[in-house]
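The values are calculated or read from the model by the stated rules, or taken from the named source; none is laboratory data. Every value quoted in this text rests on a predicted model; they were computed, and no experiment measured them. Because the Cβ atoms are built from the backbone with ideal geometry, glycine has one as well, and the counts that use them run over all protein chains shown. Each accessible area value is taken on the protein alone, full model and side chains, heavy atoms only, with ligands, DNA and RNA left out. Shrake-Rupley method; radii C 1.70, N 1.55, O 1.52, S 1.80 Å.
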Amino acid sequence: MKIRSFVKPFWFTITCIIIFTFGQVIADLLLPNYMADIVDKGIAQNNTALILRMGGIMLGVSLGGMICSAIAGFLAARTSLGIARNLRKAIFEHITQFSLSEFDRIGTASLITRTTNDVQQIQTTTFTMLRMMLRAPTICIGGIVMAIQKNVELSLLLLAMLPFIAGLIYLVTAKAVPLFRVIQQKLDALNLILRENLTGIRIIRAFSRLGFERKKFSAANDDLTLTSVRANRIMAFLNPGMVLCMNVLTIAIVWVASYRIDRASLTVGDMMAFIQYAMQIFMALTSITMLFVVLPRAFISAERIREVFDLKDNIQDPQQPVSLENCRGAICFNHVSFRYDNAENCVVDDVSFTANPGETLAIIGGTGSGKTSLINLIPRFHDTESGSIEIDGVDIRQMRMEELRAIIGIVPQKTTLFSGTVAENVGIGKQNADLQEIKEACRIAQADEFIEFLPQKYDTEIAQGGANLSGGQKQRLSIARAILKKPKIYIFDDSFSALDFKTDAAVRNELIKETREATVIIVAQRITSISYADNIIVMENGRIAGRGTHEELLRSNKVYQEIVASQTAEDETGNKEDE
């Protein structure tokens with residue numbers, strides 16, 4: 001993505017910055033000349049009127065330059081902030097289109113760093129460039145021209161000093177630039193550790209790992225600090241080096257000029273003006289070196305941001321999408337296989353089945369058997385490697401993802417709640433849902449049982465991630481969210497594991513009534529959650545190891561029998577399942 005797409009709204013502002021910057025530059029270049037006239041024609045000749053007149057002009061020019069500088073600075077800050085705002089917005093909109101594979105490829109912690117810290121680097125550099133990139137070279141060139149106009153011989157001293165300045169800048173930046181890339185990578189690592197600690201603080205405390213995690217964070221923090229200190233130590237040589245060169249040049253100018261003044265070929269005012277121009281040139285060069293401080297980090301940050309924009313979602317809408325009319329929700333898997341990026345084996349291998357409206361399909365299997373990966377293919381969180389998935393006879397790859405996901409209500413394995421009220425979290429399932437609809441969805445999900453005891457009921461604030469709710473309460477709100485949507489296809493990914501048996505049975509009884517005309521797919525670990533299903537698929541190592549009703553599988557499928565045996569006593573299996 002080109003930078004002009006972020007700058008376009010600010011071209012008028014940038015033009016104004018250029019105009020006011022030139023106003024400031026002109027004021028800076030005029031002042032030494034006025035000072036020379038005061039020294040040579042005013043003070044030397046004791047001409048008070050000239051001194052007052054030229055002093056008034058200098059005061060007016062200084063005031064004009066100050067106003068131009070203030071306006072240019074304000075506009076530059078506004079422009080850089082606007083570019084950063086647009087850039088953050090564009091990155092966020094781009095990454096929200098990623099499939100799960102793209103998130104895994106870069107990593108959440110790195111994406112956060114790129115959206116915040118890297119954009120901040122771009123913002124700082126943009127401001128510095130708008131203020132310095134035009135002003136500093138113009139002052140430098142203008143100062144050289146004015147210095148040559150004052151005295152050609154003294155100007156040779158400036159020329160002799162330039163190689164030393166260029167060499168200093170080259171040596172410092174050559175050693176510092178590689179370190180800035182390392183700093184950003186170590187910042188990613190620090191953010192990853194911090195995010196893991198904040199997310200898993202309960203586990204860390206439960207297993208008394210606070211000491212270990214503190215040492216781990218301190219090590220990463222110290223590593224980042226030492227690298228940053230090393231880079232900044234190198235960059236710190238620039239300003240003292242420039243000041244040293246400036247002082248040496250001033251001494252040389254005074255030394256050479258003293259002989260010219262003694263021979264009456266140079267006035268004191270011209271010498272002072274020449275020194276002022278030399279100072280302006282060196283200050284401009286110092287400002288340019290500031291660019292060398294921020295540009296390396298900005299280039300690295302820009303490259304990291306470009307990597308995000310270059311990462312295209314492999315799952316795209318078709319150019320000529322097919323729209324489903326009067327969708328029923330019949331699902332058909334035709335020899336579907338899928339593997340994750342860089343994985344050797346398929347996590348879903350040659351799977352075929354059909355799920356019809358009004359039926360409940362259950363999927364069960366051991367850990368790592370491919371259950372969740374299988375159902376994640378339906379809303380196209382991933383795309384199949386081979387085979388096809390059809391809804392009402394239409395390949396889901398021929399549908400717009402927005403339309404596809406609109407007919408699916410999914411309750412994921414990991415419950416996610418957002419900061420906000422209970423009603424706002426459940427209302428995610430349907431835009432503009434009224435409170436009565438939300439209450440009905442919560443009643444079906446048995447969430448009303450605990451909501452009525454909350455301080456403000458449906459207006460109670462939920463902490464980030466649902467930290468003030470239990471696992472079962474969060475699951476029930478997540479189920480209510482899917483019910484409120486009233487989709488054609490329900491997908492429950494181990495969504496009843498945190499519920500007690502009584503609540504589980506109550507939720508299932510209500511769901512049977514609510515989903516009578518929809519297609520229901522349930523992934524579960526507990527036999528009691530799926531024993532009533534019309535059809536049960538047993539997964540093992542990514543393949544279908546058996547299918548049928550609970551009674552059929554209990555009689556004929558060894559894998560299913562082992563799962564049942566692991567959950568119930570062998571002599572109680574039949575009674576438990578009948579219950």
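Computed over the range 183-238, the alpha-carbon pair-distance distribution with 10 angstrom bins reads 24, 41, 23, 10, 3, 0, each value a whole percent.
In this label model, Asp500 and Ser388 are separated by 4.9 nm, measuring between points 7 Å along each Cα→Cβ vector.
Expressed as a whole number of Å, what is the distance separating the alpha-carbon centroids of the range 156-232 and the range 58-99? Here the two parts' Cα centres lie 27 Å apart. Using the Cβ-Cβ distance between Arg555 and Ser352 with R0 = 25 Å, the FRET efficiency computed as 1/(1 + (r/R0)^6) comes to roughly 0.60.
Each of the chymotrypsin sites (Phe, Trp or Tyr not before Pro) that DSSP puts in a loop and that has at most 10 other Cβ atoms within 10 Å breaks the chain; the longest unbroken stretch is 208-452.
In the assembled protein chains, Cys245 presents an accessible area of approximately 20 Å² (probe radius 1.4 Å). The helix-only estimate of mean residue ellipticity at 222 nm for the chain, built from DSSP H runs of length n ≥ 4 each weighted as -39500 (n - 2.57), is -20000 deg cm²/dmol after division by the residue total. Between Thr116 and Asp341, residue separation times 0.36 nm minus the direct Cα-Cα distance comes to 78.2 nm. Taking all C-alpha pairs of the chain, those more than 46 Å from each other amount to 41 percent. Taking the 1.4 Å solvent-accessible surface of the chain as the whole, the part contributed by carbon and sulfur is 58%. For the range 114-258, would you read off the P(r) tail past 25 Å as a percentage of all alpha carbon pairs? Within the range 114-258, distances greater than 25 Å cover 53 percent of Cα pairs.
At the residue level, Arg181 shows approximately 100 square angstrom of accessible surface with a 1.4 angstrom probe and all protein chains present. Per residue, the chain exposes 52 Å² of accessible surface when a 1.4 Å probe is rolled over the protein heavy atoms with every protein chain present. Of the listed residues Met132, Met242, the order by accessible area with a 1.4 Å probe, largest first, is Met132, Met242. Debye-formula intensities of the range 213-322, expressed as log10 I(q)/I(0) at q = 0.12, 0.15, 0.23, 0.24 Å⁻¹, are -0.72, -0.87, -1.19, -1.22 (one equal scatterer per alpha-carbon, no solvent).
For the chain, the membrane-span-like helices by this rule, meaning whole DSSP H stretches whose C-alpha atoms cover at least 24 Å of axis and whose Kyte-Doolittle mean is 0.0 or above, are 11-37, 48-95, 152-199, 238-262, 268-310; this says nothing about an actual membrane.
With viscosity set to 1.002 mPa s and temperature to 20 °C, compute the Stokes-Einstein D of the range 471-510, Rh being the Kirkwood radius across alpha carbon pairs; µm²/s, no decimals. Answer from the Stokes-Einstein relation: 203 µm²/s.
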